[in-house]
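Q: Quick one: this structure, given as structure tokens, is what I'll be asking you about.
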Amino acid sequence: MAPSADPDQRMPEDPDIEPREGIDGFIVSSPRLTTMSDGRSRFYARIGMEHSQHLGGGRFEQLDATFHNMVATGRIAEIAADKLVKGDRFVALGHFEKRPDRNDPDATIKEFVLTAFGPNAALTTYAVDRTPRRGVSREAAGTAAERESGLDAPAEPSAVRAPRGRPSRTTASGRQLADLSAGSAPAQAVSGDDIPF
């Protein structure tokens, strides 16, 4: 079925695809990583979400931002605490859930439970390390579809280049990253730990 030109007319849902909530936002407070009584890690940060209203004719009205708690437990909590800092722009998957407010037994708090996240590529500059991991060569990791399509791997898989006409910038660890604003320069490969988002 071809997509409809009418945005209000939805395509039928695929029973094999389980939809999840997604948000884009920004980190308002310094994230905290704590240990729960059962020994699991718990991540907490205050986040903001910008909102707008469609006015028609391609126009939008900027509405007030809303602020929420974002939490995660286990391994994703540890990764979020390592990667996210105050001011970061991100996209995330998870769900909103309500829990009792510890300070007011008659009130509830709505918080976003994080299950996956990444930098907001439309608003954040970052580079991706595509070097092989765990002893798997880049060639061995290629899919049958890539081989059949005739796509070739880059000559130097460890080299990351800035897009044409754009300069690079250097992270605190001294590694260069592509800057998506203007100019031209190559960037060096960075590990996942150096992705500044």
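Q: In the list 129, 104, which residue meets the criterion of being in contact with a helix residue (DSSP H, G or I) (Cβ under 8 Å, 6 or more places away or on another chain) and at pLDDT below 95?
A: 129
Q: Sticking with this structure for a sec: Kindly list, by first and then second residue, each pair from a residue in the range 52-76 that is surrounded by 15 or more Cβ atoms within 10 Å (Cβ to Cβ) to a residue that is assigned to a helix (DSSP H, G or I), limited to pairs with Cβ atoms under 9 Å and residues at least 6 apart or on different chains.
A: Pairs that qualify, where the first residue is surrounded by 15 or more Cβ atoms within 10 Å (Cβ to Cβ) and the partner is assigned to a helix (DSSP H, G or I), are 70/80; 71/77; 72/78; 72/79; 72/80; 72/81.
Q: While we're looking at this one, here's another question. Which of (1) free of Cβ contacts under 8 Å to residues at least 40 places away in the same chain; (2) crowded, with 17+ Cβ neighbours inside 10 Å; (3) among the hydroxyl-bearing types (Ser, Thr, Tyr) is the odd one out, the single condition residue 37 does not satisfy?
A: Among (1) free of Cβ contacts under 8 Å to residues at least 40 places away in the same chain; (2) crowded, with 17+ Cβ neighbours inside 10 Å; (3) among the hydroxyl-bearing types (Ser, Thr, Tyr), residue 37 violates only (2).
The values are calculated or read from the model by the stated rules, or taken from the named source; none is laboratory data. As the structure is a computational prediction, the values presented were derived from the model and not from experiment. Because the Cβ atoms are built from the backbone with ideal geometry, glycine has one as well, and the counts that use them run over all protein chains shown.
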